[in-house]
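FYI, it's all coordinate maths here, none of it is from the lab. All of these numbers come straight from a predicted model, not from anything done at the bench. Cβ: placed from backbone, ideal geometry, glycine included. Neighbour counts: every protein chain shown.
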Amino acid sequence: MHFDACPVAIRMSVMLSMLADGEAHKASSPAVVRNALQRVRSEDHALLPPRTTVFLEGFSRSPQYRVVDGCVATSQTLSDGRRQIIDLVGPGRLVGLGLGDRNRYSAETLGLTRLEPIAEPLSHGDLETALNEMLARSQALTMLLGRKTAPERVASALLDLAGQFGRPARQQKRGAVTFHLFPTRTDLADWLGLTVETVSRCFTRLKKAGLIDFQHSDRVTLLEPLHLARVASGDRPLS
């Protein structure tokens, strides 16, 4: 999704609001972003630049947003700066869910991202669905961090991202899926509990095994999704 694809009024509403508050996109404070989003009508979508902080852990509870395009990383950070990415949230999913009057985690855009403010309270059914999804993904992350090997973790992450952002890969065998890789290798390391070097080595091993391909660091193609799923589940050791 390109910047020019968004309505001019929406782009101007958010971008000019942020500029008027004297913030560059890499240093956008949550208050600036929140104020900009509040100036956008609830039926519109706010466009935020990459690496924009939507809200911060420990601050007053943020409104809820639905991701329309792009990707949002939710994370928690220790006092010494070590970060654990909790989830990477793609189109159609919600950020800002939680209990209490404080944010339990931070949220940051990883690419050019459109967010839709949720103006009305979620219905009981929608809330239950969102919370069930959050619980299931938290349980999957616990298993990944606690028991999976490095190749299994990277394979699991690629399958997850393909499910959220993927589309059929042209000029590839049937079943191949390609997607834009929003997280950097550092983001992936903070999500999967690995070092950046280990993530890069796993990418190389998966490519040599013929399971994935990448010509650029931000574009990945799953050549053999079923075989990759076997690696992710521990059924197929990576040679």
For this session: Report the net charge of residues surrounding T198, where surrounding means a beta-carbon distance below 13 angstrom and charges are Lys +1, Arg +1, Asp -1, Glu -1.
Result: +2
For this session: Provide the per-residue ³J(HN,Hα) series for the stretch 207-222, in order, calculated from phi with Karplus coefficients 6.51, -1.76, 1.60 and θ = phi - 60°, each as a whole number of Hz, with x at glycine and proline positions.
Result: 5, 5, 7, x, 8, 9, 9, 7, 9, 10, 5, 10, 9, 10, 10, 8
Exercise. In nm, to one decimal, how far is the modelled label at T186 from the one at Q139, with both set 7 Å along Cα→Cβ?
Worked result: 3.4 nm
Problem set entry | Peptide ranges 78-88, 183-193 listed from the most packed, as the mean C-beta count within 10 angstrom indicates | 183-193, 78-88
Problem set entry | Ranked packing of 197-205, 101-109, 210-218, most packed first, by mean Cβ within 10 Å | 101-109, 197-205, 210-218
Problem set entry | Net charge dipole size for the stretch 53-110 [Lys, Arg +1 and Asp, Glu -1 on Cβ; Debye, nearest 20] | 120 debye
